[in-house]
Amino acid sequence: MERGFVLWFTGLPGSGKTTLARAVAEVLRRRGMRVEILDGDEVRKWLSPEAGFSREDRERHLRRVAHVARLLARNGVAVLCSFVSPYRSVRREAREIVESEGIPFVEVYAKCSLEECMRRDPKGLYKRALRGEIKHMTGLDDPYEPPEAPEIVVDTESRAVEEGVETILSKLRELGLLRCSRET
């Protein structure tokens, strides 16, 4: 059985976190690995349905996610967490929760400018926030604190998804979390 680990994708809304996570998951599954994607919108519905978007609610929710990721990873699952997770402090807590059992935690920063994320706006969140329909929108009226030392940075504004996937797989191999393989 492969060793479980957590890939924690962070970035502004619309930066490409989920796209990258899904593409990496597909490759890992083809390699025969057990993979689970924990995606922000999906997981919030069943793990924290009561949570709003205040800082406290976001932090509580992300701590819960980190505990779920830890449980999966300690059972040999590659867990890909795709969350804006805007605050450095809660990402640090998530890392501590996961690593408390010796499970590797790899932070992946989907780096993309606010302007490009607003142009993409796949869910219409920025438009709604600018109309005043959404409060606490990360990047607009709530801060996003970029990681200071992520293990992986993928410039999703100027790089193709495939390049980002290869960057991630290369780092996983370097960290000893993937056996070398021709299939990617």
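Taking Cα pairs under 8 Å and at least six residues apart, what relative contact order does the chain come out at, in percent?
Computed value for the chain: 33 percent relative contact order.
Ellipticity at 222 nm from helices only: DSSP H runs of n ≥ 4 in the chain, each -39500 (n - 2.57), divided by the residue count, give -13500 deg cm²/dmol.
Taking 18 Å as the straight-line reach from the Cα of residue 171, the lysines in range (excluding those fewer than 8 positions away in the same chain) are 17, 111. Its Cα centre serving as origin, segment 132-184 has a Cβ charge dipole (Lys and Arg +1, Asp and Glu -1) of approximately 400 debye. Given a 1.4 Å probe and the protein chains as shown, residue 166 ends up with an accessible area of around 70 Å². Between the alpha-carbon centres of segment 1-41 and segment 69-147 there is a gap of 13 Å.
Max-minus-min Cα coordinates of segment 60-103 on each principal axis give 28, 19, 13 Å, with the largest extent listed first. About its Cα centre, the dipole of segment 56-119 is roughly 80 debye, where the only charges are +1 on Lys and Arg Cβ and -1 on Asp and Glu Cβ.
Can you list the trypsin sites (Lys or Arg not before Pro) in segment 30-131 that are in a DSSP coil and have 13 or fewer other beta carbons within 10 angstrom?
Details: sites: 30, 31, 34, 44, 45, 55, 58, 60, 63, 64, 70, 74, 88, 91, 92, 95, 111, 119, 120, 123, 127, 128, 131; in loops: 31, 34, 74, 123, 131.
Counting only loop positions with at most 13 other Cβ atoms within 10 Å, the trypsin sites (Lys or Arg not before Pro) in segment 30-131 are 123, 131.
Per-residue surface analysis assigns residue 134 an accessible area of about 30 Å², computed on protein heavy atoms at 1.4 Å probe radius. The C-alpha atoms of the chain occupy a region whose extents along the principal axes are 49, 33, 28 Å, arranged from largest to smallest.
Each of 169, 84, 108 was placed along the dipole of the chain (beta-carbon charges, centred on the mean Cα), and the one lying farthest toward the positive end is 169.
Charged neighbours of residue 50, selected by a Cβ distance under 15 Å, balance to +3 (K, R count +1; D, E count -1).
What the chain shows is 50 Å² of accessible area per residue, with the surface traced by a 1.4 Å probe over protein heavy atoms. Only protein heavy atoms count here; under a 1.4 Å probe, residue 172 has an accessible surface of about 0 Å². Mark the label point 7 Å from the Cα of residue 54 along Cα→Cβ and return the residues of segment 66-95 whose backbone N is within less than 18 Å of it. Answer for this model: 86-87, 90.
Nothing charged except the Cβ atoms of Lys and Arg (+1) and of Asp and Glu (-1): what's the magnitude of the dipole of segment 72-184 about its Cα centre? Round to the nearest 20 debye.
Numbers: 18 positive and 21 negative charges, 65 e Å.
Taking the Cα centre of segment 72-184 as origin, the dipole is about 320 debye.
The length gained on full extension between residue 162 and residue 89, counted as 0.36 nm times the residue separation minus their Cα-Cα distance, comes to 23.3 nm. Placing pseudo-labels 7 Å out from each Cα toward the beta carbon at residue 100 and residue 31 gives an inter-label distance of 2.8 nm.
The values are calculated or read from the model by the stated rules, or taken from the named source; none is laboratory data. No experiment lies behind these values; they were computed from the predicted model shown. So basically every Cβ, Gly included, is an ideal-geometry build from the backbone, and we count neighbours across all protein chains shown. Protein only, heavy atoms only, side chains kept; ligands, DNA and RNA dropped before computing areas. Shrake-Rupley method; radii C 1.70, N 1.55, O 1.52, S 1.80 Å.
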